[in-house]
Every structure is written in structure tokens, then in C-alpha cells.
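The values are calculated or read from the model by the stated rules, or taken from the named source; none is laboratory data. In this text the structure is predicted, and so the values were computed from the model without any measurement. So basically every Cβ, Gly included, is an ideal-geometry build from the backbone, and we count neighbours across all protein chains shown. The protein model used for the area step is the full one, side chains on, heavy atoms only, and it has no ligands, DNA or RNA in it. Shrake-Rupley method; radii C 1.70, N 1.55, O 1.52, S 1.80 Å.
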Amino acid sequence: MGRKTLKILLGICAAVLVAALGFVVYMETRTPEAVPETTVPTTQTPAGETTVPPVTVPETTAPETTAPPTTVPETTEPEPQEVRYTLTFAGDCTLASDPGNYGSVHGFIKTIGEDYGYPFRNVLDYFENDDFTIINLESVLADEGYASNKLFTFRGPTAYTQIMTGSSVEAVTLANNHTLDYGQKGYDSTIQALTDAEVWFVEENKTTLVTTESGLTIGLYADSFNFTTADIQKNVQQLRNQGAEIVICAFHWGTEGSYRPTAAQKNFGHTAIDAGADVVYGHHPHVLQPIEEYNGGYIFYSLGNFSFGGNHFPRDLDSALVQLTVIRDEKGKISLGELTRIPVSITSMAVQNNFQPTPYEEGTKEYDRTLSKLDGSFTGPDLNVNYDHLKPTEAPTEPPAATEAPAAPTDAPETQPPATQPPATQPPATQPPAAQPPATQPPAPPAEEPDPS
């Protein structure tokens, strides 16, 4: 081997040696990763036994199941809403017959029979779809009794409360000159029948508070003829103090047959509204009179007859239903809304009164004529109502006072036939003369058929 080759080999060996030493130094100075020490306890194993190292099973942790949070919705009061109520007013209802007409085939008693839905059948939609209906009940409800010494007396059986309850009539006014036609016993019978049937009523110079099923509180005050400004103011204020949201004054007043209110009607009507009433509901003239809007309220001076068993051949068939909307706003404040007038005929027949009020068809001359009586533009003459030819010589010239006792004793023996039964030989007073043919225009009423109050 040559000297040169030997030097090269020695150089390579020296380089390898230096690299190896450097690697050793590097490994010694490097910081090892911390490895957790596992300390296995020393166990003395007896000779001859085989020791099986322990098996470590890694601990398994089941994942937690977290139920989603239950969110309870917040209970919030519903936003107050506007509420509307509908009140319906109808005129004089004599649900009865005069003693002389009990047996008449044309009379109310025979016409109705036990069909208690008959009188208001053609206006039932108005009554059922409102919140409150009121009529003037101008007759007695009693199953027996003796008529007072008056020119006209009207009585129907107590079962006639079903005419009202079956047709959604909620209230009646008894402040008129026929509630005592059969004396105090007849009046007490009427009160008891209405109470048993749960029909609201208001008596003369008294008040009644009614809360409808829909939640409106109505105050009723009724009076007849001889009331005063002080009476009106006292009773209206009393109803307001008792919580009435709407106050209605039912007044029996005015002149029979007149299409125009008297000065006294206007004065008392204005007094009632000024005292805080919302509506004045008038009756007695047996014909329509205007409706007046006054100082934020309404005055119905007369709504005429409606289902009126006291006259079989009336000269004026026009009547009306009036519906008033009452509004309770979102804050609970009460106000009067629109007033709707519904022209009605008191009969569904062309001439004869069959005691079944029926709306006129819109656009007919009857419809327009009725509206003219309600708006005050009617120019026809008043009806001449005079009963002098019917009064016996011993009859008083004025209707008896409301407190007049019945002519016959109320404790008469049961074997005595009631004074309301006409003699068997007496023809029905309502039967028109045989020679009088029906006409397209209502005939002049027979002498036995005036427009009784």
C-alpha cells in the first residue's frame, strides 16, 4: 500500500471517530420527554407459582346525555279588543185578547194557540243575533181573574212567557196603562210569570239593572204619564251609581194616533238625555213617531204597535225595529255606535192583523213611508182616535188610575165563570161585517175595533 493511500484511510477513520463522539455527546445532552412512571408494587411470589401480570382495562366513561332546556313560554295577557253589542227595541206588544174576543177565530188567543214561536217568527233573526231585546208588554199574564171596570182590558195565559223566552226577548217594560187590567192579582201573576221564566222586567217609576250574557250592564228606568223631571234625574243617577254602562228610559206617553211628539214628550226626552240616559224608548201613541238624536243620545218618541192583539183591523200597519250598536273600546270605554232602522208591518197579511210582524221589502212604498215617519218627513194627517161611542154611560171619561182595584172581587168562588169569558151567544167582536169585502187598502176599523191604548 502506498503512503498516500494510507493517509487517506487514516483521515477517513478519524472523521468517522469524530462524528461518533459528537453523536454520543448530543444524545447525552438532549432532554428526554417525561414519561409517566408506572410503579408496580413488588409482590412476593411463592416459588413455583406463575405470576400473571395484571390486566389494566382502560376506564370507559359514558358520554353524558344532556336534555335540551325546556322553555316555558311567558304567559301574556291578550291584548284588549274592541267589543260591539247590539240592542233591539220593538213597540207595543199586547200578547192577549180583550174579553169579548177570547173566542174569536181572528183573535190573538185562537190565532196563537200553543204555537208560542208564532208572533215573532218573521223577526226572529234580529232577536236571536243581538245581545238584548226589549218590548213594551201591554197586557196581563194570568190564567184566571176578573177584568177591571175599563173600556179595554187584555189578558193572556201565563204560558205566553214562552213567546218571549222562545224568541230571545230578554226584557219587558210594565210601565203602561194595561198592567193592572185585572187588578193587583193580575199584576202579581204577571210579575210571578216573568220571574219564573227569567225574563227581565222594569216596573213603573222603578229601575232594574240587567247584565247581558255578553257582559254589558244595562240600566232600565220606566215610567208612565205622570212622572216629573225630578223622577227622571233621580232614577237615571241611581242607575249610574249602581254601575249601569248604558241607561235606557222607557216612557209611556204622548197622544194616541199622533205622528208627532208633544212638547211634553220633547221636554222630558231631552231631560232624560241631559240627566245621563243614553236612550229614551217611547210607546203609547200606537203609531210611529220620529227618532231624534240629541246631545249624544237617542230619543225614540214612539215605536208604534208591534205584535198587538188589541186591534184586529188597525188603520196603520207600519211599525219598526230599531237596533243600536254599543261599543266598548280597548280601554273599556263605552260609546254609542250606529243606529239601524228596520221598517216592519205589524202583520204578515195584506189587511187583517194576524199579530205576526214582518219586515217590509226594501224599496217598496211601505218601506219608504215607514222611514219617513221615523225621520219626521211624513206629512200625512194624524189618526182620529175617539172612543166616546164605545163608552157606556156609567164609564168614566178618563182611563182609571193604575191603582184601581178590579171590578169583580178577587176572592170570588171558583164556580163563578171568569168575567173574561164572552157569552156563548155573543158573536166575536172582532168579526168584520159579512158585507165588507177585503180590499187592497186596509178598511176602516169596525166600531168594535178602535186603536185601544
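Do you know which residues across region 241-254 are free of Cβ contacts under 8 Å to residues at least 40 places away in the same chain and closer than 15 Å to Pro285 by Cβ? Selection gives Trp253 alone.
Would you check which residues across region 247-259 are out of contact with any helix residue (DSSP H, G or I) (no Cβ under 7 Å at 6 or more places or on another chain) and either surrounded by 22 or more Cβ atoms within 10 Å (Cβ to Cβ) or farther than 28 Å from Phe308 by Cα (or both) and list them? Spell out the reasoning first.
As a first pass, look at region 247-259 and keep what is out of contact with any helix residue (DSSP H, G or I) (no Cβ under 7 Å at 6 or more places or on another chain): 248, 250, 252, 255-258.
Answer for region 247-259, where residues must be out of contact with any helix residue (DSSP H, G or I) (no Cβ under 7 Å at 6 or more places or on another chain) and either surrounded by 22 or more Cβ atoms within 10 Å (Cβ to Cβ) or farther than 28 Å from Phe308 by Cα (or both): Ile248, Ala250, His252.
In the list Thr262, Thr271, which residue meets the criterion of being polar (S, T, N, Q) and either within 30 Å of Glu366 (Cβ to Cβ) or open to solvent by 30 Å² or more (accessible area, probe 1.4 Å) (or both)?
Values: Thr271 fails: either within 30 Å of Glu366 (Cβ to Cβ) or open to solvent by 30 Å² or more (accessible area, probe 1.4 Å) (or both).
Every option except Thr262 fails the conditions.
The set of residues in region 287-317 that are open to solvent by 10 Å² or more (accessible area, probe 1.4 Å) and either out of contact with any strand residue (DSSP E or B) (no Cβ under 6 Å at 6 or more places or on another chain) or closer than 16 Å to Val247 by Cα (or both) comprises Pro290, Glu293, Tyr294, Asn295, Gly296, Tyr298, Phe313, Arg315, Asp316.
Of all residues in region 350-363, those that are among the hydroxyl-bearing types (Ser, Thr, Tyr) have Cβ atoms under 7 Å from Cβ atoms of residues that are open to solvent by 20 Å² or more (accessible area, probe 1.4 Å), 6 or more apart or on another chain, in Thr358/Asn122; Thr358/Ser348; Tyr360/Glu366; Tyr360/Tyr367.
Looking only at region 214-230, count how many residues are without any contact (Cβ under 8 Å) to a residue 60 or more places away in the chain and not in a loop (DSSP other than H, G, I, E, B). Give the derivation first.
Initially, region 214-230 is screened for residues without any contact (Cβ under 8 Å) to a residue 60 or more places away in the chain, giving 217, 219, 221-223, 225-230.
This time we only want the ones that are not in a loop (DSSP other than H, G, I, E, B), so: 217, 219, 221-223, 229-230.
Count: 7.
Conditions (1) without any contact (Cβ under 8 Å) to a residue 12 or more places away in the chain; (2) within 22 Å of Asp130 (Cβ to Cβ); (3) outside any helix (DSSP H, G or I), marked per residue:
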site: Ser189; (1), (2), (3): no, no, no
site: Phe201; (1), (2), (3): no, yes, yes
site: Ile232; (1), (2), (3): no, no, no
site: Val236; (1), (2), (3): no, no, no
site: Leu239; (1), (2), (3): no, yes, no
site: Ser258; (1), (2), (3): no, no, yes
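Can you tell me which residue in region 97-144 is surrounded by the fewest Cβ atoms within 10 Å (Cβ to Cβ), limited to those that are polar (S, T, N, Q) and more than 17 Å from Leu194 (Cβ to Cβ)? In this case the residue turns out to be Asn129.
Here's the yes/no breakdown for (1) in contact with a strand residue (DSSP E or B) (Cβ under 7 Å, 6 or more places away or on another chain); (2) part of a strand (DSSP E or B):
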{"site": "Gly254", "(1), (2)": "yes, no"}
{"site": "His270", "(1), (2)": "yes, no"}
{"site": "Ile273", "(1), (2)": "yes, no"}
{"site": "Pro285", "(1), (2)": "no, no"}
{"site": "Ser319", "(1), (2)": "yes, yes"}
{"site": "Leu324", "(1), (2)": "yes, yes"}
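Just one of the listed residues (Gly257, Gly269, Gly297) is on the phi > 0 side of the Ramachandran plot, in contact with an Asp or Glu (Cβ under 9 Å, 6 or more places away or on another chain), at pLDDT 95 or above and small (Gly, Ala, Ser), and it is Gly257.
For every residue, the table says whether it meets (1) buried (at least 19 other Cβ atoms within 10 Å of the Cβ); (2) closer than 30 Å to Ser372 by Cα; (3) of a type in the set (Gly, Ala, Ser).
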{"position": "Ser167", "(1), (2), (3)": "yes, yes, yes"}
{"position": "Asn177", "(1), (2), (3)": "yes, yes, no"}
{"position": "Gly183", "(1), (2), (3)": "yes, no, yes"}
{"position": "Thr190", "(1), (2), (3)": "yes, no, no"}
{"position": "Thr211", "(1), (2), (3)": "no, no, no"}
{"position": "Arg240", "(1), (2), (3)": "no, no, no"}
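Looking at region 331-342, can you tell me whether even one residue there is modelled with pLDDT of 95 or more and open to solvent by less than 10 Å² (accessible area, probe 1.4 Å)? Checked against the condition, which is being modelled with pLDDT of 95 or more and open to solvent by less than 10 Å² (accessible area, probe 1.4 Å), region 331-342 yields no hits at all. Looking across region 347-385, not a single residue is modelled with pLDDT under 95 and either closer than 12 Å to Leu288 by Cβ or assigned to a strand (DSSP E or B) (or both).
Within region 145-165, take every residue that is over 28 Å from the mean Cα position of the chain (by Cα) and within 25 Å of Tyr301 (Cα to Cα) and give me the one that is surrounded by the fewest Cβ atoms within 10 Å (Cβ to Cβ). Here the answer is Phe152.
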